[in-house]
Amino acid sequence: MADTKRHVLVCNNVDCRARGSDAVREALCARVAAGEVTNVEVTAYPCFGGCDFGPNVVIYPDKCFYSGVSEGDVPEIVAQLQGGPPVTRLTGKVDPMTEELIFELLDAGLV
Ligand code: FES
């Protein structure tokens, strides 16, 4: 996956923002800007449909759907982007059908 650009999509809709998604996105952007990871783009995403479980963050094409993400989780997400393992404790909170729909949309090129 070394040559594949990876996307970190951070929900910026109302529910996730109310729970702190802006701080998560800003922290991720700061780590990318500092050069801690390369070939990674952090982008605000309009809503993943898992609004009750946010802040939600999707790593693509890894297909990791993270929920309840806080600024404190950012170092582990960055470590994943550097080649580390997925942060499994942030997974599995959203309905699998919702996750699959999002991944299908992203596969269709809607990144
Ligand atoms: S508000 Fe974030 S998933 Fe809908």
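Against the numbered list (1) surrounded by fewer than 16 Cβ atoms within 10 Å (Cβ to Cβ); (2) of a type in the set (D, E, K, R); (3) within 21 Å of LEU106 (Cβ to Cβ), GLU26 comes up short only at (3).
Close Cβ contacts (under 6 Å, 6 or more residues apart or on different chains) running from residues in the stretch 15-39 that are touching a residue at least 12 places away in the same chain (Cβ under 8 Å) to residues that are of a type in the set (D, E, K, R) and outside any helix (DSSP H, G or I) comprise ASN39/LYS5.
Screening the candidates THR43, THR4, THR38 for the property of being surrounded by fewer than 21 Cβ atoms within 10 Å (Cβ to Cβ), among the polar types (S, T, N, Q), out of contact with any Phe, Trp or Tyr (no Cβ under 8 Å at 6 or more places or on another chain) and closer than 17 Å to LEU105 by Cβ yields one hit, THR43.
If you go through the stretch 1-31 and keep only what is within 15 Å of the ligand (Cβ to nearest atom), part of a loop (DSSP other than H, G, I, E, B) and at negative phi, you end up with ASN12, ASN13, ARG19.
I'd like the residue in the stretch 46-65 that is in contact with a Ser or Thr (Cβ under 7 Å, 6 or more places away or on another chain) and free of Cβ contacts under 8 Å to residues at least 40 places away in the same chain and, out of all such residues, is surrounded by the most Cβ atoms within 10 Å (Cβ to Cβ). Within the stretch 46-65, the match that is surrounded by the most Cβ atoms within 10 Å (Cβ to Cβ) is PHE65. If you go through the stretch 33-50 one residue at a time, do you hit one that is more than 12 Å from the chain's Cα centre (by Cα), under 18 Å from PRO96 (Cα atoms) and not β-branched (Val, Ile, Thr)? There is at least one residue in the stretch 33-50 that is more than 12 Å from the chain's Cα centre (by Cα), under 18 Å from PRO96 (Cα atoms) and not β-branched (Val, Ile, Thr). Among the criteria (1) more than 13 Å from ASN56 (Cβ to Cβ); (2) of a type outside the set (S, T, N, Q); (3) surrounded by fewer than 16 Cβ atoms within 10 Å (Cβ to Cβ), the one ASP95 does not fulfil is (1). Just one of the listed residues (PRO61, PRO75) is over 12 Å from VAL8 (Cβ atoms) and either in contact with a Lys or Arg (Cβ under 9 Å, 6 or more places away or on another chain) or at pLDDT 95 or above (or both), namely PRO75.
The values are calculated or read from the model by the stated rules, or taken from the named source; none is laboratory data. Note that the structure is a prediction, hence the values are computed from the model and not measured. Glycine gets a Cβ as well: all are built from the backbone with ideal geometry, and neighbour counts include every protein chain shown.
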